[in-house]
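Reading through the structure tokens given below for one structure.
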Amino acid sequence: MTARTLLAATAGAVLLAGSGAAAATSVQNPPPPKPPAGAPVPTILSTVREAADGLPGHTVYRPADLKALRKGSLPVIVYGNGACATSNLEGITFLTGLASQGYIVVANGGLDEFPVPGTPETTIAHPEALLAAARWATESKQARKQFDGRVDTTRVGVLGHSCGGVEALAAGTDPIVDAVAGFDTGYLAEPAFGGYGRDRLAGLHTPTLLVNGGPDDVAYQNSIENYALLDVPAVLAGNATAGHVGLVAGLQATEGWQVAADWFDYVLRGDRAAGARFVGPDCGLCGEDGWTIESKGLSR
């Protein structure tokens, strides 16, 4: 059992791998634009979940012992929930795992918000909530105090699941963003979730990861079509058995946060070992059961 798997087990995840054949294709071009961030943080960190001081409607997941880490060493990841919900409890294992890799994760939804069933009429994307979280974490006095100056204010990723992935894609056009990742998501052929359509993909300017849960994922074909339209360096990753929620809120959440952490390590920290999970015909995920990987515009 790896250290990451052990952490996720203690967080309450059920560890099941996918099954099926893996395939890979890649286009080898320049690497991600972000240079290395310096000395890496420890592999596994204990974490805490807390309110965001001065930012109502958001929750922080972060390493517990900030004093053990270098000042300015922790990139920021802002997260949009599935269904664009105002509760992040569904993704608690996923978000905890990501924070354990040395990230300040700021998720939409208050600390004590519980999931409320939505309808198509109420499922509206709010990318401005992600951008508000990014600016709070990198610019506010409250965040500087809460995180004891450990935030790397020059490295920001946006991440989301399903409708929250639409929020991440939309927020990803802002200059503050350095990396984008969306799980089980993509813009629909016709504008939705408040008028967000595929024309917005042209505004992305940073490496972008799209992950789907295989043919049983309602967003499966959509993610493929969105990936085809991307003009930025990108990866399309699929897990054949995860379905729409497995990698974020289900049995395979451990695999999900590992993939997300490796993507942000690659793009934000310039970690080429992490990038090797995604790029090349012998990429790490290519050899794992159930995974298929396609990439363009990236090299190790």
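The values are calculated or read from the model by the stated rules, or taken from the named source; none is laboratory data. Because the structure is predicted, anything quoted here is derived from the model rather than measured. Counting neighbours? That spans all protein chains shown, and the Cβs are built from the backbone with ideal geometry, glycine included.
Overview of results
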item: Unique residue being of a type in the set (A, V, I, L, M) and in contact (Cβ under 8 Å) with a residue 60 or more places away in the chain when the list is L209, L188, L169, L201; result: L209
item: Any hit, the range 212-224, residues being surrounded by fewer than 23 Cβ atoms within 10 Å (Cβ to Cβ) and in contact with a helix residue (DSSP H, G or I) (Cβ under 7 Å, 6 or more places away or on another chain); result: yes
item: Residues of the range 272-284 classified as surrounded by fewer than 20 Cβ atoms within 10 Å (Cβ to Cβ) and either part of a loop (DSSP other than H, G, I, E, B) or of a type outside the set (G, A, S) (or both), total; result: 6
item: Qualifying residue in the range 285-293 (condition: in a helix (DSSP H, G or I), buried (at least 20 other Cβ atoms within 10 Å of the Cβ) and at pLDDT below 95); result: yes
item: Search result, residues across the range 237-248 that are surrounded by fewer than 23 Cβ atoms within 10 Å (Cβ to Cβ) and under 18 Å from G164 (Cα atoms); result: G243, H244, V245
item: Residue list for the range 162-185, restricted to those being surrounded by 16 or more Cβ atoms within 10 Å (Cβ to Cβ), over 15 Å from D231 (Cα atoms) and not aliphatic (A, V, I, L, M); result: S162, C163, G164, G165, E167, D174, D178, G182, F183, D184, T185
item: Residues that are within 18 Å of the chain's Cα centre (by Cα), crowded, with 22+ Cβ neighbours inside 10 Å and part of a helix (DSSP H, G or I), drawn from the range 135-161; result: A137
item: Count of the range 189-213 residues which are part of a loop (DSSP other than H, G, I, E, B) and more than 27 Å from L268 (Cβ to Cβ); result: 6
